[in-house]
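Accompanying notes for the structure given below.
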Amino acid sequence: MKKILPIIFIFLTVLIVGMTNFTPNTWLTGWDNLHPEFNFGMNINRSIFSVWQEYQGLGLLAGMAHAADLPRQIFLWLFSFILPQNFLRYFYHFLMLFVGMVGVYKILNDLILQKTEDRFRTKASLLGSLFYLFNLGTVAYFFVPFEPYSTFWGFFPWEILTLFLVLKTPSKRNLLYFTLISILSIPQAYVQTIFLVYIILVSLIMGIKVVKEKLPIKRVLTIFFIIFCINAFWLMPNIYFTFKDLNITQNAMQNQMATEKFFQMNKARGTITDFPILKEFYYDFFDYSQKTESFDYLMKSWRGYFSNINIQFLGYAFFAIIMLGLFAKNRYRVYLLAVFFVCFFIFLSDTLIISFFNSIMRMVPLFNQILRNPFTKFIVPAVFIFSLGFSLGTLRIMKIQAVQKIKRGPEIVFLIFTAFLVIYMFPVFKGNLISPQMRVEIPKDYFNLFSFFKNENKNSRIMDLPQGNFWGWNYYSWGARGSGFLWYGIEQPIMDRAFDVWSNKLENYYWELSYAIKKRDEELFNNVLEKYQIGYVIFDKNLMFVDITNSNKMIFEQESMLQKDKKLTETARFGKIIVYKTKLNKDFKNGMLFDKLPSVQKNEEFEIKDQAFANVKNYYISNNPDFVYPFESLFTNRLQKERKFEITEDEKNIYLNSSLPKGEYSLNFPSFTQEESIFPVQVSAKKEVGSIIIRLDFLSPKITVGFKSFSTNKSQEMEIKLGKKVDDRIILDINNKDYYVLSNLTADFKVVGKTFLLNQNLANYIKLFSESQAINYYLEPNDFGSAYDCSTDSKKGKLVSSGTNEGFLELKAKNTSVCSYYKNNFINSGNSLIKVSFDYLSSTDEFPQYCFLSLSYNECLNEKDVVKKGFSKQKASFVDYFESSVDQNDLLNFNTILEATADEDKDKLKKISYTNFNISINPLLAESTLEISQDIFPEGKLDLNLSADSKISVEMPKVEDSSYSYSNPVDKKIYKNNPLNYDTKMPGRFSLEEQSGNDGKISLKATKASSYFLLRGNKLNAGYGYLIDLKTKNKNGFPLTVNVFTNKDSRNYLYSFAENKPVFTSNNYILPPLYAFDEGVSVLLGGTSYSSVETANEVSDMAIYPFPYEYLTNIYLKKTNASLNGSQENGKISVEKKNLALYKVNLTNNNQGTFVLSQAFHEGWLAYEIKDHPSAGGSNIKNKIATFFPFFFGQRLEGHVLVNNWENGFKIQNSKFKSQNLNSKGKSNEASAMEQLNNGTIILIFWPQYLEYLGFGLFVAGLIFVAFYKSSKNLQ
C-alpha cells in the first residue's frame, strides 16, 4: 500500500486538474487537433493506408506520420464503448498528464534516487513529478492541446527510464518494457520531428554510455534495431517524404510567409531571463477573442498572473533549486547535464554566440524545420530535466542537517514546496491549463452534415467555402478556431487550405479559385469546378474572417455567386451550412480514359487561371506541345524569384519576355479591343479655321518572335467645330478624367499628353472648355467660416481649431475631420469645367483636400477622397479640374478639409494651411463622342519556325502621367509620414524616415514592433489589369512585406515578400482585373520584427501602370495539325479502387489513349499491365496476388504524364513499352504514337505505400525478436 500511495496522490492531483479544466457538454477542439472519434472505422482505415492521403484535397504524399496515430485510435475506439464521444479527447490528454507524472516519479524513485533513503526518496520523487506538471512550459504545451505533443509529454519519461534500464541490464524483461513503451509512444511521431528529437537525445545518452562506461556497440545496435522495427511502418514512408517532397512543404506559401516569423517569435524568448522559467513562444502569441471581438494574447490570464513580481521570484527560485540539483553529485549527472545543455543551446537562440550557431544549423533543411518552432519539439525534454533537477535540488534541501533536526522536517519541506508549486501555477486550478477557448460546443449541424455525406458519392471532391485567404486557419462564430475538423467525419476529399502546405497542386487550386471568386467570374469558377472534379460545395456561414476588412460582404458575395450559378443546385441545408451539388454533365469516377489528349507547355508552376483548360479542356504537359501559352497566367502572387517570365522596362516601354519550344507553330493573338477595357493613346491637337482637330495615336503592343513582329500604328482623328474664332486657351477634357490646356496651337499637330480611352463599344466623351472666357473668383482666407466637424465616423475625435494666420487659413484636428466653408456660394452656370487652385503647406503630413459641394444634391462634385498632391512643409501649389454637370442655377459651396482620421494619424494633432484660392468656371465650347474602331488591333496569326532558344517579347507603352496610372508616390510624398505599428502590444521601436537626396527613399525600421506605410491609389479601377514596379532594398531582418488590396471592398490582390537583397531591386507584380465595380488599389509596405533582430527595409519608389492582362494571357501558339476541340472520353472501361493506394482498370479490345487517374500527380504512382487476369482466364489466387504485387507479374507503363496540371496520366500502349525520361514536374518525352492495347488489366499502385506494408512486417519481426531474445554475457 505504501508503494501505491504516491500513485494515488498523482491520480488525485490529475483528477483535480482535470475537473477544473473540463467543461461539461463541450468538445475539446481547436488549433491543431485530431478527431478520429467522428468516424473510427474511416480514420483507422486511413492510418492503415496512410502514405497516400486521398482525403486531403487532390490527394498527396503524407507529410505527417498519419500512421503513427494508429495505436491511439485503436485505444480510443476501445474506450468509445464506455465513454461519451465528446469526452474521449479530454480523457486522452488527462491520461497523458497522469502517465507523464507517474513516469517522472518512477524514473526518480526507481532509478536516479534508487539508493536514497525511503523517507527522502518518495517525497523528492513526488516533488519532481509535481514540477513536471506545474511549470509554465507544460502549461503552454497543453494550453492548445495536440495529441502528438501530449503523447510525447506523457511517455518521454518512460522512454528514458526504460532506455536506462536496458542500458544497465539488457534482460528480456527490460527489453519487453522498452518495446512496450516504444509502441505506446508511437503517436508522438505524428509530428515526426518530435521523434527526431527523441532519437537525438537517445543517441546522446548512449554516446555518453559508450564513452564513459564502454557500452558494447552491439547493445546500442540492438536498441536502435528495436526502435526502427517498432516505428518502421510510419518511419520509412516519412524518410521517403523527406527526400522527395520536403521541399514542397518548405516552399508552400504558408511556410514561406510564416516560418521565419515563428522562429523569430521563439527567438524573442530565447534569453537568459526567459529560459529559467520556461517562458516561451505561446506566451507572446495572439489569438482572436470571441468576447472582445479583437485579437489579444493567447495566454492573457497567465501574462496577468506572471506580472506579479512574487510569482516571477518563485520561478527563479525554483530554477536555482534546479541548478542546485543538476550539479549535485549523482551517477546520472553527466546525462542530465548533457540533455540540459542541449535544451539550453536550443532555447537561448537570442543569446550571444548561441544565436550564431543556431543560424548555422538552420541552413540544414531538416534542422530548419525543427528549429522553426523549437518550443514544440524541445520543451518536453527541458521540462523533464527541470523536473529531475527540481527533485534533486529539494532532496539536497531535505538533507540539510538543520532541516533533519526539525520534527518531520522532510515532510514539512515537501508540503512547503507543494504549496509553492500550487501557488506558482494556481491558474491551472481555475481552468487555465487548457484554454477555455478550446472547450466549445460543436453544433449538431456538423454531425448531420457527416451523416449526409455517408450516403453520397465517395469519389466526389468537396469545395469548402467561403474562402478568405491562403492561411488554412479558420474561426467559427460558435467559438472554434484552428486548422479544421470536417475531414474526420467526411470520407470525401475536402479541398481545404490546411493541406496546401503538403501539396503544390492543391495550393494552385486555391490561387485559381481565389481569383475566380474575387473577380466574381462565373465562367472561371465553373472551370475550377470541372478541372478539379468538384462534386459538392459546402458553404459554411459559421466561418468568420476576423483579419479581413468587409468580411461579411465578402461572405455575402460568395454565397450570392453560388446561388446564381446554374452549374450548382442546393441539395441540403443544416442550420448555417448549405450543401450544393454540381451539375457538370459527368460522373465522378476514380479514373477516365481519353482517346487523344492535346499536349500543352506551361511556363508557370502556379497560376490564377488555366487558359489552356478554358480553351481545350483536358490536356497533358509536354516538352513537345501542341499548344503553348507563354503568358498564361502571369502569376506573381508568390516570391519574385519564382517568376517564370521576364519583365524589363525603360523610360518609354515595358517589355515582357518568355521562352518558346522548338518547332513549327502559328502564333495566335486575340483582338485587343475585345479583350481589354481601355486602350492607351497619345493625344495630339492642331488648330484650323473654326475648329480643333484631335488626333489619337493608338499605342498598341508590339509582339516579336525572332525576326518576325506584329504591331499596328493606327490613329483616329476627330474634328470639333467651334465657330469662326478659336480661343487661344482651351481645355481639352477626355472622359472627365484627364485634362490638357491647349495653348498656342498651330496648323501642325502638337502632342499634349498620353491617356487611355474606353474600349469594348463604350463611348468616349471629348469636350472643349474655354479658359479665356472663364469666370474667375479669388477667395480670401478671412472669408471662410468657423471650422466644423465633418467626419462621417460616429466616434468623434477632438476638434482643435481653425483660423487665419499670416494670410493662411489654418485647420487643426485630432482623430476627426474638420472643414471650413467659404461664406459665399457660387451659382452653377450649367455644363462647365471648374478649375480649383490654391497654395498649401502642412507642418505635419496632411494632403490638400477640398469639397466643391452641390447644395441641391448634398454631394461633392470633385473627387474629394482622391489624393492628388502630397504633403509639403514648404508652400506648394495645387490645381484640379472637374466637370459641373448638375442643374443650372444650383448653388455650389467651397470647403477646405483636414482629415485626421487615418490609422497613421491616431491621437496626433494634424495641421494644414491654405491660401491663394482661385476658382475658375470654364464654359463648354463643344463636345463629341468617340468609339474605338474594332480593327485598331484585330486578332491575328503569325506562322513561325522556332529554334531551340526562341523567345517571345511583347513591348508595351508606359503611360505614367495619367489618371489611370499611379507613379512616384514616395517622391511626390503621397504617404503618411507616421509609420503604422500593427503590433501595438509589442514593446519595441519603429520608425519611418525620409532619406536625404532628391530620389525619394523611405527607410522603415522596427525592433520588436512593426513599421508600415500605406500608398493609397484611390483613383484606380479594380476592373483593369495593372503592373506594379516597386524598388526595394532589405538591409536587415525580414524582407519587405507587400500587401496589395482594393480600397472599397478590401479584395486582396497579393500578400508576399519583396526581394530579399541588400541593393535596390525592382519587384514587379501583375494585378489581374478583379470585380469591375470595386474601386481603388492600395499598397501596404513594411515589415515586422518579432525579436531583438531589427527589420530594416528601404523603398525607393513605386509606379502602377495599366497592363493588358486579358490580351496577353490569351496569346497562344498552336501546331499546324493541333485541334482546339480537345479529346473525347472513352467510357468503355471499369475502374475499381481496391484501397487508397491500389486501383484496378479493366480494358476492352478497342481501348487506347491516355488513362487519367484522378489523384494529384506524383512520381510514386506507377501503372502495370497485367495480361493474365480473369478476363484472360488466369487463376483467381494468382490474379489476387498479381493485383497486389503487379511489379512482379506485370509490365510497367512508362508513359507517366501530368494531366490538367494536377493529375496523373498514363499512356496506354502495346507491349513495346518505350522508356521515357520523367522529370520532377511530371513532364515526359512521350512516345511518338498511341498504340492499341489488347484485352487486359492495368493495375495502378502508389508504391511508397508498400513501405508502410514492409514496416508492418518489420514491426512484427521486432516483436518476434524481443519475444525470443536471450541476453548474452556480451550484452550483460
Flag if PHE784 is among the hydrophobic types (A, V, I, L, M, F, W, C), in the same structural domain as SER837 (by TED's automatic domain parsing) and in contact with a Leu (Cβ under 7 Å, 6 or more places away or on another chain) | yes
Scanning region 884-941 residue by residue, those assigned to a strand (DSSP E or B), surrounded by 19 or more Cβ atoms within 10 Å (Cβ to Cβ) and either free of Cβ contacts under 8 Å to residues at least 24 places away in the same chain or of a type in the set (Asp, Glu) (or both) turn out to be GLU899
May I ask you to list the residues in region 1027-1066 that are under 23 Å from the mean Cα position of the chain (by Cα) and hydroxyl-bearing (Ser, Thr, Tyr)?
-> THR1032, THR1041, THR1046, SER1050, TYR1053, TYR1055, SER1056
Quickly run through region 26-80 and pick out the residues that are assigned to a strand (DSSP E or B) and either in contact with a Gly (Cβ under 7 Å, 6 or more places away or on another chain) or assigned by TED's automatic domain parsing to the domain that holds GLN533 (or both).
-> TRP31, TRP52, LEU61
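Considering only residues of region 600-619 that are assigned to a loop (DSSP other than H, G, I, E, B) and aromatic (Phe, Trp, Tyr), which is farthest from the chain's Cα centre (by Cα)?
Going through the qualifying residues, I end up with TYR619.
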Answer yes or no: is there a residue in region 979-999 that is touching a residue at least 40 places away in the same chain (Cβ under 8 Å), closer than 27 Å to ILE912 by Cβ and among the β-branched types (Val, Ile, Thr).
-> no
For region 816-826, state whether one or more residues are assigned by TED's automatic domain parsing to the domain that holds LYS864, surrounded by fewer than 17 Cβ atoms within 10 Å (Cβ to Cβ) and assigned to a strand (DSSP E or B).
-> no
Only residues in region 860-872 that are within 9 Å of LYS1019 (Cβ to Cβ) count as the first member; pair them with residues that are charged (D, E, K, R), Cβ under 8 angstrom, at least 6 apart or cross-chain, and list the lot.
-> GLU863/LYS1019; VAL866/LYS1019; VAL867/ARG1016; LYS868/ASP880
Looking for whichever is within 27 Å of THR571 (Cβ to Cβ), within 23 Å of the chain's Cα centre (by Cα) and either assigned to a loop (DSSP other than H, G, I, E, B) or not small (Gly, Ala, Ser) (or both) here; the options are ASP464, ASP445. Which one fits?
-> ASP464
Evaluate region 32-49: report whether one residue or more is touching a Leu at 6+ places or on another chain (Cβ under 8 Å) and among the basic types (Lys, Arg).
-> yes
In region 81-93, which residues are assigned to a helix (DSSP H, G or I) and either more than 31 Å from the chain's Cα centre (by Cα) or not charged (D, E, K, R) (or both)?
-> GLN85, ASN86, PHE87, LEU88, TYR90, PHE91, TYR92, HIS93
Identify the residue in region 1057-1110 that is of a type in the set (Phe, Trp, Tyr) and in a strand (DSSP E or B) and, among all such residues, is nearest to THR259 (Cα to Cα).
-> PHE1057
Somewhere in region 971-986, is a residue out of contact with any Cys (no Cβ under 8 Å at 6 or more places or on another chain), in a loop (DSSP other than H, G, I, E, B) and under 30 Å from ASN657 (Cα atoms)?
-> yes
For region 470-501 the number of residues that are polar (S, T, N, Q), in contact with a Gly (Cβ under 7 Å, 6 or more places away or on another chain) and crowded, with 20+ Cβ neighbours inside 10 Å is 1
Collect the residues in region 947-966 that are in contact with a Phe, Trp or Tyr (Cβ under 8 Å, 6 or more places away or on another chain) and either modelled with pLDDT under 90 or part of a loop (DSSP other than H, G, I, E, B) (or both), keeping them in residue-number order.
-> LYS958, VAL959, GLU960, SER962, TYR964, SER965
Taking first residues from region 598-616 that are under 20 Å from LEU506 (Cβ atoms) and second residues anywhere that are of a type in the set (Lys, Arg), the pairs with Cβ under 6 Å that are 6 or more apart or on different chains are GLU604/LYS644; PHE613/LYS531
Taking region 1003-1026 and the residues there that are of a type in the set (A, V, I, L, M, F, W, C) and more than 16 Å from PHE1038 (Cβ to Cβ), the one that is surrounded by the fewest Cβ atoms within 10 Å (Cβ to Cβ) would be LEU1014
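Taking region 289-303 as the search range and keeping residues that are in contact with a helix residue (DSSP H, G or I) (Cβ under 9 Å, 6 or more places away or on another chain) and not in a loop (DSSP other than H, G, I, E, B), which one is surrounded by the most Cβ atoms within 10 Å (Cβ to Cβ)? Walk me through how you get there before you give the answer.
Restricting attention to region 289-303, the residues satisfying the condition of being in contact with a helix residue (DSSP H, G or I) (Cβ under 9 Å, 6 or more places away or on another chain) are 289-290, 297-299, 301-303.
Keeping just the survivors that are not in a loop (DSSP other than H, G, I, E, B) gives 289, 297, 301-303.
On the way: SER289: 15, TYR297: 17, SER301: 16, TRP302: 22, ARG303: 15.
For region 289-303, the residue satisfying everything is TRP302.
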Filtered residue count, region 962-982, keeping only those that are touching a Ser or Thr at 6+ places or on another chain (Cβ under 8 Å) and either of a type in the set (S, T, N, Q) or not assigned by TED's automatic domain parsing to the domain that holds ALA1103 (or both) | 4
Taking the options LEU221, LEU167, LEU163, LEU180, name whichever one is over 41 Å from the mean Cα position of the chain (by Cα), hydrophobic (A, V, I, L, M, F, W, C) and surrounded by fewer than 16 Cβ atoms within 10 Å (Cβ to Cβ).
-> LEU221
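Assess whether SER599 counts as being farther than 26 Å from PHE645 by Cα and of a type in the set (Gly, Ala, Ser).
So SER599 does not fit the description; no.
Results for (1) buried (at least 23 other Cβ atoms within 10 Å of the Cβ); (2) within 30 Å of HIS1162 (Cβ to Cβ); (3) of a type in the set (S, T, N, Q), shown as yes or no for each residue.
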| residue | (1), (2), (3) |
| --- | --- |
| PRO71 | no, yes, no |
| VAL102 | no, no, no |
| PHE120 | no, no, no |
| LEU133 | yes, no, no |
| PRO148 | yes, yes, no |
Residue ID - surrounded by the fewest Cβ atoms within 10 Å (Cβ to Cβ), chosen from residues in region 857-873 that are out of contact with any strand residue (DSSP E or B) (no Cβ under 7 Å at 6 or more places or on another chain) and over 19 Å from ASN1047 (Cα atoms) | ASN858
Hey, does region 118-134 have a residue that's in a helix (DSSP H, G or I), within 22 Å of VAL197 (Cα to Cα) and of a type in the set (A, V, I, L, M)?
-> yes
Filtering region 321-336 down to residues that are without any contact (Cβ under 8 Å) to a residue 60 or more places away in the chain and within 20 Å of GLY137 (Cα to Cα) yields LEU336
Residues of region 1154-1169 satisfying the condition of being within 14 Å of PRO1190 (Cβ to Cβ) and out of contact with any Phe, Trp or Tyr (no Cβ under 7 Å at 6 or more places or on another chain) | GLU1169
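Suppose the filter is touching a residue at least 24 places away in the same chain (Cβ under 8 Å), hydrophobic (A, V, I, L, M, F, W, C), outside any loop (DSSP other than H, G, I, E, B) and buried (at least 22 other Cβ atoms within 10 Å of the Cβ); does PHE450 pass it?
For PHE450, the condition - touching a residue at least 24 places away in the same chain (Cβ under 8 Å), hydrophobic (A, V, I, L, M, F, W, C), outside any loop (DSSP other than H, G, I, E, B) and buried (at least 22 other Cβ atoms within 10 Å of the Cβ) - is not met.
The values are calculated or read from the model by the stated rules, or taken from the named source; none is laboratory data. Note that the coordinates shown come from a computational prediction; the quantities given were computed from them, not determined experimentally. Note: ideal-geometry Cβ built from the backbone for every residue, glycine included; neighbour counts use all protein chains shown.
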